[in-house]
């Protein structure tokens, strides 16, 4: 496939709607997609308490659905911050917890059929014995409504199902990473990849 044209159909403050034209087997194909206006890189933070290995998830109101979504802290990578610095900043802002980066994935496609952003999955450990993490205080933006939930790994699937039964939407990353049977033997969360 070869791209021969691209045009902006509509542009807002945060997102641009584009249409690209490709040639494949001598046939013209049009593809619509979304591009972030200010930044293409994002982080998703999977916070793990140590030593317990409990997982911290967030319940965030999302206007797109007019519902709460269960997922992980996340944000845009703001230049000149690194992926790691952005992850720690977003963790602190959205949850109030301080963490330590354990691992960062390579760049990942969020939804390659619809949006051209790149996401980095970051595992962060939260020292549950650190006094800084005893009474966390969120630093939310006016547009954010976020609750935090500390869940034992063994209870994650039942937690996600319960939240779905209550009407929440389960984020795809949370379900893929946690809902498919994580338990305390998962070395991924302990940094032993």
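If you check residue 162 against the conditions, is it over 19 Å from the mean Cα position of the chain (by Cα) and more than 19 Å from residue 90 (Cα to Cα)? Quick ask: steps written out before the conclusion?
On the way: over 19 Å from the mean Cα position of the chain (by Cα): yes; more than 19 Å from residue 90 (Cα to Cα): yes.
Judged against the criteria, residue 162 is a match.
Within segment 67-82, how many residues are surrounded by fewer than 18 Cβ atoms within 10 Å (Cβ to Cβ) and either in contact with a strand residue (DSSP E or B) (Cβ under 8 Å, 6 or more places away or on another chain) or under 16 Å from residue 146 (Cβ atoms) (or both)? Walk me through how you get there before you give the answer.
As a first pass, look at segment 67-82 and keep what is surrounded by fewer than 18 Cβ atoms within 10 Å (Cβ to Cβ): 67, 76, 78-82.
Remaining after also requiring either in contact with a strand residue (DSSP E or B) (Cβ under 8 Å, 6 or more places away or on another chain) or under 16 Å from residue 146 (Cβ atoms) (or both): 67, 76.
Adding up the residues that qualify gives 2.
Filter segment 62-87 down to residues that are in a strand (DSSP E or B) and under 14 Å from the mean Cα position of the chain (by Cα) and give me whichever is farthest from residue 174 (Cα to Cα).
This residue is 76.
Could you grab me the full set of residues in segment 102-142 that are farther than 20 Å from residue 39 by Cβ and either within 15 Å of the chain's Cα centre (by Cα) or not in a loop (DSSP other than H, G, I, E, B) (or both)?
The answer is 102, 103, 123, 124, 125, 126, 127, 131, 132, 133.
Given (1) surrounded by 21 or more Cβ atoms within 10 Å (Cβ to Cβ); (2) in contact (Cβ under 8 Å) with a residue 60 or more places away in the chain; (3) farther than 20 Å from residue 160 by Cα, where does residue 87 come up short, assuming only one miss?
It is condition (2) that residue 87 fails.
Restricting to segment 29-61, name every residue that is more than 23 Å from residue 13 (Cα to Cα), in contact (Cβ under 8 Å) with a residue 12 or more places away in the chain and assigned to a strand (DSSP E or B).
Correct list: 29, 45, 46, 47, 48, 49, 50, 55, 56, 57, 58, 59.
Restricting the first residue to segment 160-182 and requiring it to be within 12 Å of residue 57 (Cα to Cα), which pairs with a second residue that is surrounded by 14 or more Cβ atoms within 10 Å (Cβ to Cβ) and at pLDDT below 80 meet a Cβ separation below 6 Å and a spacing of at least six or different chains?
160/179
Any chance you could count how many residues in segment 90-112 are under 28 Å from residue 15 (Cβ atoms) and either in contact (Cβ under 8 Å) with a residue 24 or more places away in the chain or crowded, with 16+ Cβ neighbours inside 10 Å (or both)? Even if it seems obvious, please write down each step before you answer.
Within segment 90-112, the first condition is being under 28 Å from residue 15 (Cβ atoms), and the residues that meet it are 90-95, 104-112.
Among the residues that remain, those that are also either in contact (Cβ under 8 Å) with a residue 24 or more places away in the chain or crowded, with 16+ Cβ neighbours inside 10 Å (or both) are: 90-95, 104, 107, 110.
Residues meeting the conditions: 9.
The values are calculated or read from the model by the stated rules, or taken from the named source; none is laboratory data. Everything quoted here is computed from the prediction, not taken from an experiment. Reconstructed Cβ throughout: ideal geometry from the backbone, glycine too, with neighbour counts over all protein chains shown.
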